[in-house]
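Below is one structure; the comments refer to it alone.
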Amino acid sequence: MTPLNFRSLLLALIGASSLLTMTTPATAAASPAPEDPYLWLEEVQGEKPLAWVRERNTASRAVLEAHPDFARNKQRFREILDSTDRIPYAQRDGDFFINFWRDKTNPRGLWRRTSLTEYRKAAPQWEVLLDLDALAKAEKENWVWKDAQCMEGASTRCLLMLSRGGADAVVVREFDTATKQFVKDGFSLPEAKSDVSWLDENRIFVGTDFGPGSQTDSGYPRVVKLWQRGQALSSATTVFEGEKADVAAGAHVDHTPGFKRVSFSRADSFYTSQMYVWTEGQAPVKVDKPADAQLSFWRERVLVELRSDWKVKGSKGEVTWPRGSLLVGDAQAYMKGQRDFTALFTPTATRSLAGFSVTRSQVLLSVLDNVAGRAEAWRFEGGQWKKRDIAAPFPGTLGLSSLHDPQVSNDPWGEHFMLTYTDFLTPDSLYIGEAGKDGLERIKSRPAFFDASTVKAEQHFATSKDGTKVPYFVIGAKNRVDDGKNPTLLYGYGGFEQSMQPWYSGGYGTAWFTKGGVLVVANIRGGGEYGPGWHQAALKANKQKSYDDFAAVAEDLIARKVTSPRHLGIQGGSNGGLLVGTVMVQRPELFNAVVCQVPLLDMRRFHTLLAGASWMAEYGNPDVPEEWAYISKYSPYQNVSKGKTYPKVFFVTSTRDDRVHPAHARKMAARMIEQGHQVLYYENIEGGHGAAADNSQAADRLALEFAFLWQQLKR
């Protein structure tokens, strides 16, 4: 079961961290402020803007490449990213595990597969399905792999999504894994932000740019059509439509034998959606659910994840289920209007649901307990649901996913799952377990890229402006002396209910921890660390709470003499770029360096640029005077001024980012330079929202960022 979950899709589209185009600006819904002299920088591929970009790139690289560790770090980062000892994370498809892999020899990557038995081995033998480097060379295209949608069951047909330069917009082409060739006259879509899914081997649901009116204001599909093999796309049948003001519309097909279901959904905002079930030849039937709840079918059952409290009347009377709960009920009864549920999870003050997956008969839960991962399995037996804790490593980050393939009859892996674990000092490990049984089998682990025996990780709590306790992690040398002089990097995100959980980074280990640097990761409101309430506390008019929380962590670090403003830097990407841009403008006295990656910064026009309209549920609508009143108080581009002294800032973005418009960084840099502030700017001409199209570009960007941080924060 894969739930039709638009929030998951859209979270992927905003991006939680930039660490890990062919577009032009969208039509503005509001007249730009007449005093903005930098609108010309919104022309993504314009000759004048690109000349400005290249000039800034050259000037910034000259400064940063002069750092003595730049070349060494770049080489080391490339070695880490290309390491063949990395875990080849894979997705099960019948008898195979399918993986996409990049390394030094294959910078664009290999799409490949191996058997389930072979995958358990330390060095599996892989069958290459597609060599993207060879394809890019043959077709003279800068292809970047995005995804593959394969028809379930015995079919060998897949829909491959390839991006030019890393943009979100993709070309869709049908591929046959048996012949390892693209299908002649198969399904094919030109470059667009498309959504596709198989109904059967000869028909697919498709949402794409069908022409004027077929996309939402956010630039995603508004219309879903059923497309028959051999039929012209223009003749495909419209089966579902959303509204122009929606974020997106799409289709999902659950191919589980005996429970095949087609669902349509329209996300009318980032956090709300309407869901419909469809039977061929009939009109879609709307599913009654809370607008902000995620509902998914699982065989004969229904699972509902709540973001708001839900009062229902069941057979035993009225009950209010709290936001953050996961409920299970009978699907047939639910569709008839009955509202009897069992709660598989209800939140507490410190525990929240991080995600769930299903085996053939059990529900697997990933739970956050004060930002540390735990795992549970729930089975229905003896007429009731029973919980079993899964003994797993603690207290880092857990990933949990089922290995069950419903298309496999009597699936021998039906109750098995994969579990991943990592923390700031422990490289990723991959385990296989069986729900209902004790023990995990570790089958793969990533090597250590630095000596973690000299490093420690701690969790602390800062007190925000309104008295809220805000957790944060501190990672640095065990023998660190807190004398206020430790070079310290504070990282945050604080939006879209995304949690900042521990991660292992060979880059930070080699270029930061082992050289005396301290990393701090802030779990500020706006994230999902404590469930929907933690996020909703910093929405729209309350967005300032994210910034207050981040500043409170900085103040706590300074008060405890971990560091001081002279040695404290901040970093964030995407929404995190807005975070650090805002806090830089509001509290410049706290910091000496800012790394602002693929950011939102002009909050007067964010909703008119590329996918920006989809984020108004997070920030508000600048065209509504009451909402612009609070947005205008923090929008970095409107609040940066000549009369203040700001820390030196390094803006990092990508020309090919068709999600967050590069003009945010361009215009902010131009304005700050005009005002006389210290600014470095680097824009990768390709790379998409991750600001890098391959490992070489990622290593280069990381080396630039660490060079900047050491130049600014060293003792």
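The values are calculated or read from the model by the stated rules, or taken from the named source; none is laboratory data. In this text, all values refer to a predicted model and were calculated from it rather than measured experimentally. Glycine gets a Cβ as well: all are built from the backbone with ideal geometry, and neighbour counts include every protein chain shown. Surface areas here come from the heavy atoms of the whole protein model, side chains and all, with no ligands, DNA or RNA. Shrake-Rupley method; radii C 1.70, N 1.55, O 1.52, S 1.80 Å.
If I ask for residues that are of a type in the set (V, I, T) and in a helix (DSSP H, G or I), which ones from region 633-652 would you list? If you could, list the steps in order and put the result at the bottom.
If we filter region 633-652 for residues that are of a type in the set (V, I, T), which is where we start, we get 640, 645, 649, 652.
Result: no residue meets the conditions.
Residues that are among the aromatic types (F, W, Y) and either farther than 21 Å from Y431 by Cβ or in contact with a helix residue (DSSP H, G or I) (Cβ under 6 Å, 6 or more places away or on another chain) (or both) were ranked within region 346-396; the one that is least open to solvent (accessible area, probe 1.4 Å) is W385. Has region 653-663 got any residue that is of a type outside the set (A, V, I, L, M), in contact with a helix residue (DSSP H, G or I) (Cβ under 9 Å, 6 or more places away or on another chain), in a loop (DSSP other than H, G, I, E, B) and modelled with pLDDT of 95 or more? No, region 653-663 contains no residue that is of a type outside the set (A, V, I, L, M), in contact with a helix residue (DSSP H, G or I) (Cβ under 9 Å, 6 or more places away or on another chain), in a loop (DSSP other than H, G, I, E, B) and modelled with pLDDT of 95 or more. Contact map, region 84-106: residues that are over 16 Å from R442 (Cβ atoms) paired with residues that are open to solvent by 90 Å² or more (accessible area, probe 1.4 Å), Cβ distance under 6 Å, separation 6+ or inter-chain. Pairs shown: I98/Q91; D103/T84.
Let me spell it out: the conditions are (1) closer than 28 Å to D103 by Cα; (2) polar (S, T, N, Q); (3) in contact with a helix residue (DSSP H, G or I) (Cβ under 8 Å, 6 or more places away or on another chain), and T179 meets all of them except one. Which number is the exception? Here T179 meets the rest and fails (3).
Contact map, region 622-635: residues that are under 16 Å from R605 (Cβ atoms) paired with residues that are aliphatic (A, V, I, L, M) and open to solvent by 40 Å² or more (accessible area, probe 1.4 Å), Cβ distance under 7 Å, separation 6+ or inter-chain. Pairs shown: D623/A29. In region 262-321, the qualifying residues are those that are within 16 Å of D340 (Cβ to Cβ) and basic (K, R), and the one that is surrounded by the fewest Cβ atoms within 10 Å (Cβ to Cβ) is K316.
Applying a threshold of 6 Å to beta carbon distances and a minimum spacing of six or more residues, or different chains, the list of pairs starting in region 51-74 at a residue that is of a type in the set (D, E, K, R) and ending at one that is buried (at least 16 other Cβ atoms within 10 Å of the Cβ) and assigned to a helix (DSSP H, G or I) reads K74/A699; K74/D700; K74/A703.
With among the basic types (K, R) and part of a strand (DSSP E or B) as the only criterion, which of K465, K485, K456 stands out?
K456
For region 387-441, the tally of residues that are among the acidic types (D, E) and assigned to a loop (DSSP other than H, G, I, E, B) stands at 6. Kindly indicate whether any position in region 47-64 is part of a loop (DSSP other than H, G, I, E, B) and either open to solvent by 60 Å² or more (accessible area, probe 1.4 Å) or at pLDDT below 95 (or both). Looking through region 47-64, none of the residues is part of a loop (DSSP other than H, G, I, E, B) and either open to solvent by 60 Å² or more (accessible area, probe 1.4 Å) or at pLDDT below 95 (or both). Restricting region 545-581 to residues that are assigned to a helix (DSSP H, G or I) and among the β-branched types (V, I, T), the residue that is most open to solvent (accessible area, probe 1.4 Å) is I558.
Filtering V474, V470 for residues that are within 23 Å of T510 (Cα to Cα) and either in contact with a Leu (Cβ under 9 Å, 6 or more places away or on another chain) or not hydroxyl-bearing (S, T, Y) (or both) leaves a single hit, V474. So for region 138-147 (the condition being aliphatic (A, V, I, L, M), touching a helix residue (DSSP H, G or I) at 6+ places or on another chain (Cβ under 9 Å) and open to solvent by less than 20 Å² (accessible area, probe 1.4 Å)), does at least one residue qualify? Yes.
Could you tell me whether any residue of region 640-663 is farther than 23 Å from D700 by Cα and among the aliphatic types (A, V, I, L, M)? Checked region 640-663: at least one residue is farther than 23 Å from D700 by Cα and among the aliphatic types (A, V, I, L, M).
For L81, the conditions (1) at pLDDT below 95; (2) open to solvent by 30 Å² or more (accessible area, probe 1.4 Å); (3) part of a loop (DSSP other than H, G, I, E, B) all hold with the exception of (3). Checking the structure you have, find out if any residue of region 201-209 is within 18 Å of Q282 (Cα to Cα), at pLDDT 95 or above, open to solvent by less than 10 Å² (accessible area, probe 1.4 Å) and part of a strand (DSSP E or B). Within region 201-209, one or more residues are within 18 Å of Q282 (Cα to Cα), at pLDDT 95 or above, open to solvent by less than 10 Å² (accessible area, probe 1.4 Å) and part of a strand (DSSP E or B).
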